[in-house]
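The block underneath contains the structure these notes are about, expressed in structure tokens.
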Amino acid sequence: MAQLIERLERDGTLITPSSKTRLTLLITLFLAFFLISLAMIITSASESSNPEEGVTLAICGIVCTGFFGLTTLVAYRQLSQGIRLVLTFQELRIENKDGGIIERTEWPDIEKIESRTLSSGGIYHPEVLAYHLTSFGKEQHDEFLHSNPIARQRYMIFPSRKRWTIAIPQRLSVPHKELFTLLTETHRRYRRRKRRYLSKRKNKRGHA
């Protein structure tokens, strides 16, 4: 982690690409579960001897098919777009391989960065990294999204309605724990630096 921060201090930019190997393995795994879920639906039709078990099996199959189908699409979208995380002194960006900017947030506009485990329908997902925007950050983010809505295509399938919480792509080349430490430390450093810079500008304007 210290080497990554040192590289950022030296070069002014730190790019963390998606891990092609991890994403490919993940897509393969999700496809396998997707096919198993389809098999559950097909098998449920043959459970004529016990209709209740057949219905239960069909419902489980439909739910699992939808879940693993969606997660497969999300992983494939991240892989095909070449999603990467870019850190600079001024901001955090999520870009695609063509340089298209999907998300952009300056460090002072981030309230906090957290790592949490999400669950839905009793299914627990891996820990997810996300950052929460300040009130001013929300306004800036809305302006950013509306500046070119066609180009602001999310790496996810569906955009989050909670625009004050931005999810960071998973399966990057840097492990989850190291990435969380890197982001929190970078946020701590450059949020303060930017605040001092802004306060100096305000003081100069006041004396002018």
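Quick notes on this structure:
- Those residues of the range 156-208 which are hydroxyl-bearing (Ser, Thr, Tyr) and modelled with pLDDT under 90, in sequence order: 160, 165, 197, 199
- Qualifying residues in the range 112-155 (those that are part of a loop (DSSP other than H, G, I, E, B) and open to solvent by less than 80 Å² (accessible area, probe 1.4 Å)) - the one modelled with the highest pLDDT: 134
- For the range 69-102, a residue qualifies if it is open to solvent by 50 Å² or more (accessible area, probe 1.4 Å) and of a type in the set (Lys, Arg), and the qualifying residues are 77, 84, 97.
- Those residues of the range 33-68 which are surrounded by fewer than 16 Cβ atoms within 10 Å (Cβ to Cβ), modelled with pLDDT of 85 or more and among the small types (Gly, Ala, Ser), in sequence order: 39, 66
- Residue count for the range 16-32, restricted to those that are open to solvent by less than 80 Å² (accessible area, probe 1.4 Å) and either in contact (Cβ under 8 Å) with a residue 60 or more places away in the chain or under 13 Å from residue 86 (Cα atoms) (or both): 6
- Filter pass, residue 105 being among the polar types (S, T, N, Q) and either exposed (fewer than 15 other Cβ atoms within 10 Å of the Cβ) or over 15 Å from the mean Cα position of the chain (by Cα) (or both): no
The values are calculated or read from the model by the stated rules, or taken from the named source; none is laboratory data. These figures come from a predicted structure and were not determined experimentally. Here Cβ is always computed from backbone atoms with ideal geometry, including for glycine, and neighbour counts include all displayed protein chains. The protein model used for the area step is the full one, side chains on, heavy atoms only, and it has no ligands, DNA or RNA in it. Shrake-Rupley method; radii C 1.70, N 1.55, O 1.52, S 1.80 Å.
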